[in-house]
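All remarks here apply to the structure that follows.
The values are calculated or read from the model by the stated rules, or taken from the named source; none is laboratory data. What you see is a predicted model, and the numbers here were worked out from it, not measured in a lab. In this analysis, Cβ positions are derived from the backbone assuming ideal geometry, glycine residues included, and neighbour counts consider all displayed protein chains.
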Amino acid sequence: MGLFGFGNPMMVTEEDALPGRTETIRVPAAHEVLGNPLLPPFPEGLEQVVVGMGCFWGAERMFWTQPGVWTTAVGYAGGFTRNPLYEEVCTGRTGHTEVVLAVFDPTVTSYGEMLRVFWEGHDPTQGFRQGNDVGTQYRSAIYWTDDRQRRLAEESAGMFQEALDSAGAGRITTEIAEAGPFFYAEGYHQQYLAKNPNGYCGLGGTGVSCPAGIARLA
């Protein structure tokens, strides 16, 4: 895994992680807001981004409101446990972090624009926490699917770090790693803030804007 200043990680090891289960978690057939399927296969020509920004309820809403986003879903990634339950992830014994999957049309938006939403939408300097939410499941993460996404993720991290430095902010602790399995979260988590408009959202950015070039990365 590529880590930007992760400090002293306290991740569970694969040997000590919960085993999980072979049964997949059932999710609604269609997105509560966008109306498109949550599950693949997705239409040809669309791209995907998987990121962790802390509590996934508010993070998912940030993405489904973006132009060109076809569907979104929340889930778990970056760990060891198969098809984990939310309660298991919260123990810290799965190794997963809460993530958002966003499927988007690259003729309308771009991976760079998705990265802009990511960097500005949370505080990527907090290690294993996001605000008052503490634990390895709240770590900041970008999971890339090919060399192009890896390069753009790393370039954007460097550009945003320069902006943070200029503002006197901290060092990025975001995990940048190759994508493994994406495990869908339970149905009640999907588009939670659309179903519960007054629900909890603990996300808060740094107040630092991304350099304009991040959104244009391609």
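For residues in region 54-89 being among the aliphatic types (A, V, I, L, M) and more than 23 Å from residue 36 (Cα to Cα), which is surrounded by the most Cβ atoms within 10 Å (Cβ to Cβ)?
Residues of region 54-89 among the aliphatic types (A, V, I, L, M): 59, 62, 69, 73-74, 77, 85, 89.
Imposing the further condition that a residue be more than 23 Å from residue 36 (Cα to Cα) reduces the set to 85, 89.
Values: 85: 18, 89: 24.
In this case the residue turns out to be 89.
Looking only at region 156-192, how many residues end up being over 22 Å from residue 87 (Cα atoms) and part of a helix (DSSP H, G or I)?
To start, the set of residues in region 156-192 that are over 22 Å from residue 87 (Cα atoms) comprises 156-179.
Add one more test, that the residue is part of a helix (DSSP H, G or I), and what stays is 156-166.
Qualifying residue count, region 156-192: 11.
Mind checking whether some residue in region 176-192 is within 15 Å of the chain's Cα centre (by Cα), β-branched (Val, Ile, Thr) and buried (at least 19 other Cβ atoms within 10 Å of the Cβ)?
Quick first cut of region 176-192, residues within 15 Å of the chain's Cα centre (by Cα) only: 176-185, 189-191.
Next, only the ones that are β-branched (Val, Ile, Thr) stay: 176.
Pick out the ones that are also buried (at least 19 other Cβ atoms within 10 Å of the Cβ) and you get 176.
Looking for residues that are within 15 Å of the chain's Cα centre (by Cα), β-branched (Val, Ile, Thr) and buried (at least 19 other Cβ atoms within 10 Å of the Cβ), one finds at least one in region 176-192, hence yes.
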I'd like to check something: does region 198-208 contain any residue that is modelled with pLDDT under 95, touching a His at 6+ places or on another chain (Cβ under 8 Å) and closer than 30 Å to residue 24 by Cβ? yes
If you take the residues of region 96-144 that are out of contact with any helix residue (DSSP H, G or I) (no Cβ under 6 Å at 6 or more places or on another chain), acidic (Asp, Glu) and under 24 Å from residue 190 (Cβ atoms), which of them is surrounded by the most Cβ atoms within 10 Å (Cβ to Cβ)? 120
Under 7 Å between Cβ atoms, at least 6 apart or on separate chains: pull out the pairs that start in region 93-110 with a residue that is in contact (Cβ under 8 Å) with a residue 24 or more places away in the chain and on the phi > 0 side of the Ramachandran plot and end on any residue that is outside any strand (DSSP E or B) and among the aromatic types (Phe, Trp, Tyr). 95/80
State which residue pairs qualify: first residue within 11 Å of residue 58 (Cα to Cα) and in a loop (DSSP other than H, G, I, E, B) and inside region 193-218, second residue among the aliphatic types (A, V, I, L, M) and modelled with pLDDT of 90 or more in any location, beta carbons under 6 Å apart, and separation of 6 or more residues or different chains. 199/193
Single residue of region 118-150 satisfying the filter (within 17 Å of residue 173 (Cα to Cα) and assigned to a helix (DSSP H, G or I)) that is nearest to the chain's Cα centre (by Cα): 118
Checking 186, 175, 162, 155 in turn, the sole residue that is charged (D, E, K, R) and touching a strand residue (DSSP E or B) at 6+ places or on another chain (Cβ under 6 Å) turns out to be 175
Where the second residue is hydroxyl-bearing (Ser, Thr, Tyr) and not in a loop (DSSP other than H, G, I, E, B) and the first is in contact (Cβ under 8 Å) with a residue 24 or more places away in the chain and crowded, with 17+ Cβ neighbours inside 10 Å and lies in region 14-25, which pairs have Cβ atoms under 7 Å and are six or more apart or on separate chains? 25/184
Determine the pairs where a residue that is within 20 Å of residue 30 (Cα to Cα) and at pLDDT 95 or above, located within region 67-86, has a partner that is of a type in the set (Asp, Glu) and buried (at least 22 other Cβ atoms within 10 Å of the Cβ) with Cβ atoms under 6 Å apart, the partner being 6 or more residues away or on another chain. 72/60; 74/60
I'm told residue 185 meets every condition in (1) at pLDDT 95 or above; (2) more than 25 Å from residue 94 (Cα to Cα) except one. Can you identify the failing condition by its number? (2)
It is to be established whether one or more residues within region 90-101 are touching a Leu at 6+ places or on another chain (Cβ under 6 Å) and over 25 Å from residue 34 (Cβ atoms). yes
